[in-house]
1. Run down A:Gly226, A:Gly213 and say which single residue is within 17 Å of A:Val117 (Cα to Cα), assigned to a strand (DSSP E or B) and out of contact with any Pro (no Cβ under 7 Å at 6 or more places or on another chain).
2. What's the number of the condition B:Met244 fails, among (1) touching a residue at least 60 places away in the same chain (Cβ under 8 Å); (2) over 16 Å from B:Gly79 (Cβ atoms); (3) within 12 Å of chain A (Cβ to nearest Cβ)?
3. Output the residues belonging to region A:247-266 that are assigned to a helix (DSSP H, G or I) and in contact with a Gly (Cβ under 9 Å, 6 or more places away or on another chain).
4. Only residues in region A:150-173 that are farther than 17 Å from A:Asn121 by Cβ count as the first member; pair them with residues that are assigned to a strand (DSSP E or B) and at pLDDT 90 or above, Cβ under 6 angstrom, at least 6 apart or cross-chain, and list the lot.
5. Would you be able to say whether some residue in region A:285-298 is of a type outside the set (Lys, Arg), surrounded by fewer than 20 Cβ atoms within 10 Å (Cβ to Cβ) and touching a residue at least 60 places away in the same chain (Cβ under 8 Å)?
6. Please verify whether A:Ser270 is in a helix (DSSP H, G or I) and touching a helix residue (DSSP H, G or I) at 6+ places or on another chain (Cβ under 9 Å), treating the condition exactly as stated.
7. So, in region A:204-219, exactly how many residues are without any contact (Cβ under 8 Å) to a residue 24 or more places away in the chain and facing chain B (nearest Cβ under 7 Å)?
8. Please state which one of B:Phe160, B:Phe171 is under 17 Å from A:Gly213 (Cα atoms), at pLDDT below 90 and of a type in the set (A, V, I, L, M, F, W, C).
Amino acid sequence: MLRKINLSSISLSMDVAAVISAVIASLFTHSAAFAGTLNGAGSTFAEPAYSLWISDFQKKEKDARLNYQGVGSGAGMKQLLEGTVDFAGTDDPMKDADAAKAKAGVLHIPVAMGAVVVTYNLAVEKPLKLSGAVLAKIFNGSIKKWNDAEIAKLNPGVNLPDKGIAVATRSDGSGTTAVFTEYLAKVSPEWVGKNGKTVNWFPASLGAKGNAGVTGLVKGNPGTIGYVELIYALENKLPMAQIANKKGEYVEASAASVALAAHGIEKEASAKQFKVSITDSAEKGAYPISAFTWLLVFDKMPKEKGDALVKFAKYILSDDAQKSIAKINFAAVPKGIRADALKALGKVQLD
Amino acid sequence: LTVAAKVLGHILLGSAGQSEVRKSDFAFVLFLRLLAVLVILVFCSIVFYLFKNALPILSRDGWHFLTESSWNPNEDQFGALAFIYGTLVTSLVALVFAVPVALGSAIFLTEIAPSSLSRPVGFLIEMLAAIPSVVYGLWGIFVLAPFVRDYVQPFLQKYFGFLPFFEGTPFGISIFTAGLILAVMILPTITAVCREVFLAIPNTLREGVLAMGATRWETIRLAVLETGFVGILSAVVLGLGRAMGETMAVTMLIGNRPVISSSLFSPGATMASVIANEYPEASSQLHLASLTGIGLALFIVSLGVNGLARLIIAFSKRRMS
């Protein structure tokens, strides 16, 4: 006789494991909420900055207890609206439709700046030069070869190979994709309306999860081009293309060139409640694919929590805090915009 | 509510009170039944949750949700067909590669290898099942994908390039590579179950076939493979189930594009991989509902494939007896 093979017993034990882990998870989330800490969640891009600010702030204010989880901008905003966290970090401003559903107004406080860089795997002697229009064509699949006349025109004297371009993008929904495609939509009419956190890329392109996934694809396959977030590219010493800005200069991404992108926009920023795009900046020397990352808080909060949170937000906007993030390659928010943001924070109602 | 309580009471107690003499036995039976009901409740709650949360997209698109292939969250187009296709094709590729190898190694372990060899080798194969899938994914990215790109895909294109399955530029990252990694992952499952099946076949059967003058190959075919056919099918179904639900390693190797291409070298996406990719940052309520709907579809497809396999098993059992 055959020994009986029991298929159902295997699926049974898996179900039980799922229940147990769910119960354990719920225990932990509750205990955190009762401890009187301020909880934040959101942007993974801004997570290193928040970690640094929180540890410095807690050294200054002994009673303060804060916690930030990098779960992704979208998830952070969702948790803020559901009331499971007290503040959120996001690289993509909240949609008006979502903000309308909130129990109070949602303040966008610009806390730092970042950028998206274009990285590639190509044996060339000097950094590749690319313009917005050419980038838009590479990333929608209409420029297919590295020695295409349009790329060659931007890179005189560079020996471009007769090799197909493989395009690597993010497969997970991401603020990095949102910033990059928002820039493409600004410089190329073909991209208008197709930008966002999840994009319908052309079929022959490849998608991978996270900055690390895209980098893996680019590093592993000669002839591949992809986009990653600036700090990740600097830490991993990836080759970065110089991108033509509005003034026609080819600019390499750095904390300094990113900071320039937010110059001279104080008026526009405060008129739009800081939800302002700084891609394709007209400033001299500015890197064109730059963006703010925002701290989101409600404009009406219970007294105790609100006090602590406003204090933390004010600390983030201080010169000290803005200077401290330079060592992890974040660009500081210009002083004028910070002054306006402080004013907006002063209007938060506490009851 | 009283009806529900009665039904629950009946499920929990049933005839337990009558047949059990001791109180401790009664309590034990009650406890076991309670656990069994808990599992059923979890199952029902999963189905209910998936259905309830997928309702917005199901009521908007109906069946078109499953038959449309365009997936574009920015324009609120949600069609799951490309993901269903990806799941089925990667699982099929996995089975094509894994089943012969698994069968071969199971036969070797039980029929040919001396026990001093079969024990450690069998243990190693079972250890393969314990490796986390993200580790398989990493190995896939660093070892398997470059190997496939540099050797396997050019070879297939050179000799079988006229077939539509092997068109396009080889990147290493493709439906084909994802299927290969799945094959490696389901190999230990199928091998281990087959080995158990073959070990359970009584030796008298082999001896009988041998006594009839059969060669070694004929003995294996008649006494082992044909007798164990139902068990082999069960093993394949178990492997298929794992292949269809596998997420992490596939996401790392498939290229994540919702396209239906005849070529196995094209990037693709599976139901599990799109949920893993897009759920954390889903941009709208409808997007979330669609991802949950894909979860429901995965559930139904797995159930369907398993049901079909069970039918085949039941049918062949009857034919054999």
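1. Working: A:Gly213 fails: assigned to a strand (DSSP E or B).
Answer to the selection: A:Gly226.
2. Every condition holds for B:Met244 apart from (3).
3. Initially, region A:247-266 is screened for residues assigned to a helix (DSSP H, G or I), giving A:255-260, A:266.
Selection gives A:Ala256, A:Ser257, A:Val258, A:Leu260, A:Glu266.
4. Hits for this filter: A:Leu154/A:Lys129; A:Ser171/A:Gly207; A:Ser171/A:Ala208.
5. Going residue by residue through region A:285-298, those that are of a type outside the set (Lys, Arg) are A:285-298.
From the residues that got through so far, the ones that are surrounded by fewer than 20 Cβ atoms within 10 Å (Cβ to Cβ) too are A:285.
Pick out the ones that are also touching a residue at least 60 places away in the same chain (Cβ under 8 Å) and you get none.
No, because not a single residue in region A:285-298 is of a type outside the set (Lys, Arg), surrounded by fewer than 20 Cβ atoms within 10 Å (Cβ to Cβ) and touching a residue at least 60 places away in the same chain (Cβ under 8 Å).
6. Working: in a helix (DSSP H, G or I): yes; touching a helix residue (DSSP H, G or I) at 6+ places or on another chain (Cβ under 9 Å): yes.
So A:Ser270 passes the test.
7. The initial filter retains those residues of region A:204-219 that are without any contact (Cβ under 8 Å) to a residue 24 or more places away in the chain, namely A:212, A:216.
With the extra rule that they be facing chain B (nearest Cβ under 7 Å), the set shrinks to A:216.
Counting residues in region A:204-219 that are without any contact (Cβ under 8 Å) to a residue 24 or more places away in the chain and facing chain B (nearest Cβ under 7 Å) gives 1.
8. Numbers: B:Phe160 fails: under 17 Å from A:Gly213 (Cα atoms).
Residue meeting the stated conditions: B:Phe171.
The values are calculated or read from the model by the stated rules, or taken from the named source; none is laboratory data. These numbers were taken from a predicted model, which means no experiment stands behind them. Cβ sites come from the backbone with ideal geometry, for glycine too, and all protein chains shown count toward neighbours.
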